[in-house]
Every structure is written in structure tokens, then in C-alpha cells.
Amino acid sequence: MDAMKKMVLDYVIREYLEEDDDRVIKEDTPLITGGIVDSFSMVSLKRFLEKKYNVQIPDADATPEAFDTVNNIIDLVNRFLKK
Amino acid sequence: MMSNIGSYEQRLKNFDWSVSEQELGYKKGDPINIGWYCSDRICKMGKGSKMALIWEDFKGNNKYYTYDDIRTYSNTFADYFLKLGLKPGERICIFMDRVPELYISFLGILKMGGIAQPLFSAFGEESLLTRLENAKTSAILTQLKHVSKVRRILKQIPHLRHIIVVDAGTTALKEREIPFNMEETTRVDKFEYYKTFADTPSVLHYTSGTTGQPKGAQHVHYSLISQYLTTKWVLDLQPDDIYWCTADPGWVTGTSYGIIGPWSNGVTQAVLDSGFSSDRWYAFIEKHKITVWYSAPTAIRLLMRDGTEIVKKHDLSSLRHLCSVGEPLNAEAVLWSKEAFGKPFHDTFWQTETGSMVITNYPGMNIKPGSMGKPFPGITATVLDPISFKPIAQPGKVGLIALKPGWPSMFRTYWNNQAIYDSKFKNDWYICGDRASIDPDGYFWFVGRDDDVINTGGHLVGPFEIESALLEHPAVAESAAIGKPDPINMEVVKAFVALKPDYEPNDDLELEIMNFIRKKLSPLAMPQEIAFVKSLPKTRSGKIMRRLLRAQEWNEPIGDISTLEND
């Protein structure tokens, strides 16, 4: 697993799962539709990504679909990293 | 299809709530129990095999429950609570995602005479503690994924005797925790419901104000009379409808119109236990052929953002009536829904304290996009002058929305806080805390809140609760929380923070404070922006002038600042 994927996955598990919540989160686990990250919490996740990877993700691109899995999040960040 | 209400104008003539009482077979002085009305009565009418609940999880798995299922399962919960030693009048909290056990245990609590205290499962431990402590809650129903939040506050709530975990399986539980599996427990076919009467407390919903901690709006079983009739006339639920209310029962819409309204009308409702996605929502409507949809402006604006192309990928022709609640529905959203679904969303206005809709748009009525509509029959509504508290006669002039007390679902007090309850009444009017005007045709037009409460995504968040939690962060010296404009959620929380001398503002600290509030209170209360300031504007008596910060944020007139402290 590449470093970015691991970083995002670890962050989601640490920040958005309760300590006794033993659900397994993988890179394709639905985060938004799965009820792990809600639309309000997405803002703090977006802020983390922007800070960590020094990118600006426009609000119009920060859709529930774009944040629904770690894989989608990585794609999103990469889109703006390359610009 | 003829709507249930028929002509709104005709219904206004000689209206009396006894219309609802007669339909429900209720006579003054009789016992009245919402749990019984929502399940046993429907079975007695010969509809026991009719589907009551179609439930779906985020993976698309379904569970189905008939009215006879919810009757016997709710009996099973009620019987279990009594066997645990819980007594009528005790507060039993429901702290779960939208799983079937939430909906069914709600009826079970009411059947045994308990007071149901639903709380939003995304609440953090501090929000949970405040509300359980205030209500002196005796038991809580929850899921494994949420139980650690209860564990962390356990020492501070000795009155909480039982933590009932509905999905424990073989997981080892801890102090005061007990497993209860609804479907594996022997069903109780006969349960003599506790004889509750019109004024017996039923539901305790917590709501936020400008000052102090959240207050528990206490409702009674007689609220059914309003909830039944408004569901029938405004949501227009008819026998063959498949109804979807998108609200979470942690909030009042999710109980009044996500449990009591549809089930007392004997209608099939569908529940989606999944986070938001336009495609997911449309697929749910298509799969279950939803006919009546009750949602919220924030969700509608998210759907709008995704456009009409995605709508066309789904067959949504089953939809026949759409309603909205939570915050004012902007005209653009009404017009968009006509374009996207071929029918408008009907805005409905009410609040936790009113227990049921009070000013709404009706099927068949001419909708003025952006308007709240007109008072429900039996509701006397007006706008009051904010100084004299007398009704404003002049059309178009903004005043305070006020209601004549006495409708069946009006809250009866704030739990342990009669003084604040009393302060909500002026000149025999109940003051809602919102501002509006009335046009020459009698339509109400929402203007905004009359206080500092933040309405974000249709939920009220109290600034005091956020500011208190912010002060618990080691870096924060003082703070103020306000609502700032947001195109999707109407408002989101913005915090102004002055740091202690050893701390410097930076991005890491901002994110840390955001997450701190999200976990302590809830994602709704998390500031989406933090402005680090050297000091906050205060009155000479030391009170933070939120009004000033808000006016600056909204580009509104600052108003009187004669009491502002000089630096």
C-alpha cells in the first residue's frame, strides 16, 4: 500500500472511528454512505488533506462521492496535486 | 387523486381537533398511548399483515416488518424494560443509528409508560452527558459502535442503571451493560399497555437555545392528535403510499413524522440507514417506489448541486407528493424540484417545541415559492411586534412568529426548567424565536432567527454549548460561536478564538480544535472556520457581543454598540 493511502486510511480510522468500534476499514470501504464520515465531518477531513498535501480542493469537487472511499479520496487529491 | 385535506379553506371553517379524535376513536378522558395507537390499533383494524417498515442498510440489504411484527416486537421491548425494573415515568434514551430497533423500541418505551429520550447517534460524549444528566436518564439503548461514548461518561451519571446493547452478539460487555437482541428474544404477543392519559409525558427532545445548555422539550401522549392529522392532511399519506422521511429520529421530525405520524395512519414507511449520496437516494426511491417524500432543504440543495442528469438515470415516477422541513426552503429549490421531479417540494414550518407542523403548504394549494405557507387549521398564528408583543396588522412588516397556545402537540414544559418555559410566552402567545412577515394573502415569509441559535442543515446548535466546549481545549482563552452563511446548510458554525499566551495560531491547531469539538459535541457543532483573534468584542459588563460578530459576518447593520467595551 502506498504511503498516501496508508496515511489517509490511518487518519480516518484514528479520527472517525470510536475506540471500541471494531469495524474494518479498507481503501474501498464506503465512508460517507457507510455512515463513518458525515457531510459535516467531511470538512475536517478535507482540511486535513489540504494541509497534509498542500493542495486546494474546491468546494464544488468535495462531493460525498469524491469522499466516499479512501481510493476516491486519493484520486481527488492526486487530481489537484498534478495541477 | 383527491388529497386528504381537500379544500384548505373549507377545512378552516369550524375546525375542531375533535375531527382527529373521532378518526382515532379517542374520547376525552380515555387512556391514550402512542405506542398502542401506532401498532395494536392498526392490527385491530385488520392490517396486521400490512408492511409497516421497509428498512435498508447502506449495502442495500433489506429487512421487512409488518404491523403485527412491530406490535409484538414493541411488546417484547416493553416487557423487557419492566423486567429490568424500569418504571413508568423513567427516561429511557435511544442512542442508535437508524436501525429497526430504534423505531420499534420507541413504541416499546411508550407502551410501558416510559418517557422516550431519542438522541442523535453522532453526538459526542459531552453532548450525551449534558442531556443524560439533565434528564436523570435511567437506561440507554445503543449499539456497540457507540457504547464507548457512554463508557467514558459513566462515572458522571450514576442514575444510568442499564446500558442495553442491541447488537452485542458474543462481545464481552462491561459495567452496567446488558445485551438484548430483539429478533432472538421470544416475542411477547400480549402486553397490557400502561394506561397513559392525555397529559402523561411521552417524549423528551432536547433543543438548543442562545444561553445555557440544551433544554428538554417535554411532550405528552395527546400530541398524537396533532401528529396524526397533520400527517394525513399535509403529508397526504393514503393507504397505498410508501412513505420516506429522511430525518433521523434523534431529532423531532424523525419521531413526529418518522414514527408516530405514518404508523398511527397505518401507512408503510421506508427507512434508509445510509449516509447521503444523490445516486443512493434516487436508487432507494426507485427500488421501493416511494410515493411521499419528506426531506430537508440541505439535502435538496445537495441534490440540486448534482443536477438533473443523475435524476434521469432513475425511474422516480412513483413520487406523487414532496415536503420539506428544517429551515426555510428557498424559492430556487422549489422551482428546481418542479423541473427535476415534475412536482414542487412543499415547505413545512414547525419546531421541537410545537411537536407538529404549524405553518405549511398544503396539497392542492397555490404555492408561492419561498413562502412558509399558511397556518394549519386549529393553529392561530401571527407575527408580533418585538417590543409590545402585540400582533402586527400591516402586511409585509417583519415580526416575531407567535402561536396561540392550546394545540394538542404543544410541549408542556422544559424538563426541570419551568422558568425558561414560562419566558417563551408573552401576552398569551407562544413565541417561536423566529422572525417572519405575512403577505396580504395570508402567506408567511420566513426572515430568520430572533436569537443567536445557529440553524445548520436544519438542526439548531446553541452557541453557548460550543463556547463552553471550546474553553475545555488547552489552547483556548476565550471564544465566540456564530452561524455564518452557507449555500448548502444555510448556516455553519464559525468560531472566533483568542488563544492563551503560550499558543500561536496555525493550521494544525485549527484542525485540532475542529476535531476536538466534533468529537466532544457533534459534527454539526464543529466550527467549519476558526478565526484566531487577539480579543473578542465585549460589553462593559464583560459579555461577549456575538451580535456584533454575526452582523459583520452577514454584512448587516451593526446596531447599537454603545455598551461596547473600549480597548
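We did not get these values from a lab; they are worked out from the coordinates using the rules stated. This is a predicted model, so every value here is computed, not measured. Virtual Cβ from ideal backbone geometry, glycine too; neighbours counted across all protein chains shown.
For the stretch B:111-219, state which chymotrypsin sites (Phe, Trp or Tyr not before Pro) are in a DSSP loop and have at most 14 other beta carbons lying within 10 Å of their beta carbon.
For chymotrypsin sites (Phe, Trp or Tyr not before Pro) across the stretch B:111-219 that sit outside H, G, I, E and B with at most 14 neighbouring Cβ atoms in 10 Å, the list reads B:Phe197.
Based on the alpha-carbon gyration tensor of the protein assembly as shown and its eigenvalue square roots a ≥ b ≥ c, which shape applies: rounded if a/c is under 1.5, prolate if not and a/b is larger than b/c, or oblate?
Numbers: a/c = 1.34, a/b = 1.14, b/c = 1.17.
Note, shape of the protein assembly as shown comes out rounded.
Pop out the ³J(HN,Hα) list for the stretch B:232-242 in order, Karplus 6.51 cos²θ - 1.76 cosθ + 1.60 with θ = phi - 60°, rounded to Hz; leave Gly and Pro as x.
Result, rounded to whole Hz: 5, 8, 8, 6, 6, 5, 10, x, 9, 6, 10.
Which ³J(HN,Hα) values, rounded to whole Hz and listed in residue order, are derived for the stretch A:23-36 from phi using the Karplus coefficients 6.51, -1.76 and 1.60 in 6.51 cos²θ - 1.76 cosθ + 1.60 with θ = phi - 60°, glycine and proline given as x?
These are the phi-based 3J(HN,Hα) values: 5, 8, 10, 10, 5, 10, 6, x, 8, 7, 5, x, x, 8 Hz.
I want to check the label-to-label distance for B:Leu84 and B:Tyr64. Put each point 7 Å from Cα in the C-beta direction and report it in nm to one decimal.
So the two model labels end up 3.1 nm from each other.
Please go through the stretch B:1-67 and write out the trypsin sites (Lys or Arg not before Pro) that DSSP classes as loop and that have at most 16 other C-beta atoms within 10 Å.
Values: sites: B:Arg11, B:Lys13, B:Lys27, B:Lys28, B:Arg41, B:Lys44, B:Lys47, B:Lys50, B:Lys59, B:Lys63; in loops: B:Lys13, B:Lys27, B:Lys28, B:Lys50, B:Lys59.
Listed in order of number, the matching sites are B:Lys13, B:Lys27, B:Lys28, B:Lys50, B:Lys59.
Explain nothing, just the number: dipole magnitude of the stretch A:3-81 about its Cα centre with +1 on each Lys and Arg Cβ and -1 on each Asp and Glu Cβ, in debye rounded to the nearest 20. Show your work: numbers first, answer last.
Details: 10 positive and 16 negative charges, 92 e Å.
Dipole about the Cα centre, nearest 20: 440 debye.
Taking 23 Å as the cut-off for C-alpha to C-alpha distance, list the pairs among B:Lys500/B:Lys543; B:Lys13/B:Lys426; B:Lys484/B:Lys538; B:Lys145/B:Lys313 that go past it. Present the calculation step by step, with values, prior to reporting the outcome.
Working: B:Lys500/B:Lys543 19 Å; B:Lys13/B:Lys426 27 Å; B:Lys484/B:Lys538 20 Å; B:Lys145/B:Lys313 35 Å.
Over 23 Å apart, Cα to Cα: B:Lys13/B:Lys426; B:Lys145/B:Lys313.
Averaged over peptide A:29-42, how many Cβ atoms belonging to another chain are found within 10 Å of each residue's Cβ? Walk me through the intermediate numbers first.
On the way: counts 0, 6, 1, 6, 11, 5, 11, 3, 2, 8, 11, 14, 9, 2.
Mean inter-chain Cβ contacts per residue within 10 Å come to 6.
Quick one: Cα convex hull volume of chain B, Å³ per residue?
Numbers: hull volume 92.1 nm³, N = 567.
Once divided by residue count, the hull of chain B is 163 Å³.
Return one number: the angle in degrees, 0 to 90 and rounded to the nearest 10, between the long axis of the Cα atoms of helix A:42-53 and the longest principal axis of the Cα atoms of chain A.
Taking the Cα atoms of chain A, the angle to A:42-53 is about 60 degrees.
Would you please classify the overall shape of the stretch B:454-552 from the alpha carbon gyration tensor, given that a ≥ b ≥ c denote the square roots of the eigenvalues, rounded means a/c under 1.5, and beyond that prolate means a/b larger than b/c while oblate covers the rest? It would help to have the intermediate numbers written out before the result.
Working: a/c = 1.69, a/b = 1.17, b/c = 1.45.
Because a/c hits 1.5 or more and a/b fails to exceed b/c, the stretch B:454-552 counts as oblate.
Pull up all non-local amide H partners of B:Thr456: gap of 5 or more, or a different chain, and H-to-H distance under 5 Å with H placed in the peptide plane.
Those qualifying (amide H under 5 Å, at least 5 residues apart or on another chain) are B:Val461.
Treating only the Cβ atoms of Lys and Arg (+1) and Asp and Glu (-1) as charged, compute the dipole magnitude of the stretch B:252-316 about its Cα centre; round to the nearest 20 debye. Intermediate values should be presented prior to the final figure.
Details: 7 positive and 6 negative charges, 14 e Å.
So the magnitude is around 60 debye.
Run the numbers on the stretch B:28-107 and let me know its relative contact order in percent, using alpha-carbon pairs under 8 Å that are six or more apart.
Values: 64 pairs, mean separation 23.6, N = 80.
For the stretch B:28-107, the relative contact order is 30 percent.
What FRET efficiency do you get for A:Asp59 and B:Thr170 if R0 is 30 Å and r is their Cβ-Cβ distance, rounded to the nearest 0.05?
Numbers: r = 45 Å, r/R0 = 1.48.
E between A:Asp59 and B:Thr170, to the nearest 0.05, is 0.10.
Between B:Ile242 and residues 5 or more places away or on another chain, which pairs have amide H atoms under 5 Å apart, with H built 1.01 Å from N, and which residues are they?
B:Thr291, B:Val292
Please list, in order along the stretch B:500-516, the HN-Hα scalar couplings obtained from phi with the Karplus expression 6.51 cos²θ - 1.76 cosθ + 1.60 (θ = phi - 60°), rounded to whole Hz, x for Gly and Pro.
Result, rounded to whole Hz: 5, x, 7, 10, 10, x, 7, 4, 4, 5, 4, 5, 4, 5, 4, 5, 4.
Please report how far the C-alpha centroid of the stretch B:176-230 lies from that of the stretch B:275-308, rounded to the nearest whole angstrom.
29
Relative contact order for chain B: what percent, with Cα pairs under 8 Å and sequence separation of 6 or more? Mind dumping the intermediate values first?
Working: 1214 pairs, mean separation 70.8, N = 567.
That works out to 12 percent.
Determine the dipole magnitude for chain B: charges of +1 sit on the beta-carbon of Lys and Arg, -1 on that of Asp and Glu, nothing else is charged, the reference point is the Cα centre, and the result goes in debye to the nearest 20.
Numbers: 64 positive and 67 negative charges, 252 e Å.
That gives chain B a dipole magnitude of about 1220 debye.
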